[in-house]
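Okay, so here's the structure we're looking at.
Bear in mind these aren't lab numbers, they're just calculated from the coordinates by the rules spelled out. Just so it is clear, the structure is predicted and the values come from calculations on it, not from any experiment. Here Cβ is always computed from backbone atoms with ideal geometry, including for glycine, and neighbour counts include all displayed protein chains.
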Ligand SMILES: Cc1cc2nc3c(=O)[nH]c(=O)nc-3n(C[C@H](O)[C@H](O)[C@H](O)COP(=O)(O)OP(=O)(O)OC[C@H]3O[C@@H](n4cnc5c(N)ncnc54)[C@H](O)[C@@H]3O)c2cc1C
């Protein structure tokens, strides 16, 4: 039997949200509700308490601080896409946010919700990894390389709230995705970033979890040109095969999206 109802709670502060979580029996936070509410409708999730963190002002901001761009976890995709601050610091990130879903999804969905959910085809996880970001929660800082641990799995512990993501400003960067024609999720998406300490390439929408493509990174470190990838083989063994694309087709698309990202990056002013 499904639970007949759940309690809806709306804290005003992060501290209050944490307290509500600790005193609840089976709570979930809800931000934009664009992933959790559909999951609840399909009975894939049935929390006893829904703690709405979307009205906590401290979670919504965009702030440039030296070579970092900090974005509050509650910031909506549409606000990132339209932000002059983001466009000035990391244009590829503004582009990525503008490619997520449709206007309704972008006006409700949040950065924190996207990375906490870690859908294997979500866009933001690729930016977090390629931009060597640091995820801050109400308890600690988590480097991007340790944050995404598996399909819909992250390093977050029960009750932990993502408060911000600090993206490292690259010299240049670009994101290219082949969108699913219905949902617009990536199938796949490739984020390429050139940093002072090297090239980072992150792939989403191909395997069960976002990952760094070491074979593409090493090739591009040798020569940062799209043709460099012509001779690189992207292995399909670990890739997803589904109704939309075979693993082999996804492997082909990873290479094509990476080449397009490099082309775009080389023609851009910066990030
Ligand atoms: C039709 C449709 C199309 C979409 N297309 C795309 C797409 O093209 N690309 C893409 O990337 N995404 C896409 N999405 C997903 C969308 O981006 C969601 O907004 C996002 O995945 C979840 O963000 P949210 O704020 O809605 O989170 P919610 O649905 O509110 O929450 C999702 C999960 O994250 C947890 N959570 C939320 N905020 C926090 C936080 N601050 N700290 C800790 N845990 C938290 C919740 O407890 C829940 O487990 C699509 C969704 C829909 C419905």
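Here are the numbers for the structure shown:
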quantity	calculated
Convex hull (Cα only) mean projected area of the chain, reported in nm² to one decimal	14.4 nm²
FRET efficiency for residue 68 and residue 222, using Cβ-Cβ distance with R0 set to 25 Å, rounded to 0.05	0.30
Net lengthening on full extension, residue 82/residue 104 (0.36 nm per residue, minus Cα-Cα)	6.4 nm
Sequence of 253, 266, 68, 131 once ranked by neighbouring C-beta atoms within 10 Å, starting from the fewest	266, 68, 253, 131
Fewest-first sequence of 185, 249 by Cβ atoms within 10 Å of each Cβ	249, 185
Prolate/oblate/rounded call for the stretch 130-262, Cα gyration tensor, a/c under 1.5 rounded	oblate
Tilt relative to the chain, helix 247-266 - C-alpha long axis, 0 to 90 degrees, to 10	80 degrees
Highest-fluctuation residue, 66, 205, 18 considered, GNM on the chain with Cα pairs under 10 Å	66
Highest-fluctuation residue, 67, 123, 52 considered, GNM on the chain with Cα pairs under 10 Å	67
Between the stretch 23-65 and the stretch 222-270, the Cα center-to-center distance that results, in Å	34 Å
Acute angle (nearest 10 degrees) that the helix 14-23 long axis makes with the longest principal axis of the chain, alpha-carbon atoms	60 degrees
DSSP-defined antiparallel bridges as percent of all bridges, the chain, nearest 5	85 percent
Order of 107, 77 under a 10 Å beta carbon neighbour criterion, fewest first	107, 77
Helix-only mean residue ellipticity at 222 nm for the chain, each DSSP H run of n ≥ 4 adding -39500 (n - 2.57), per residue, nearest 500	-9000 deg cm²/dmol
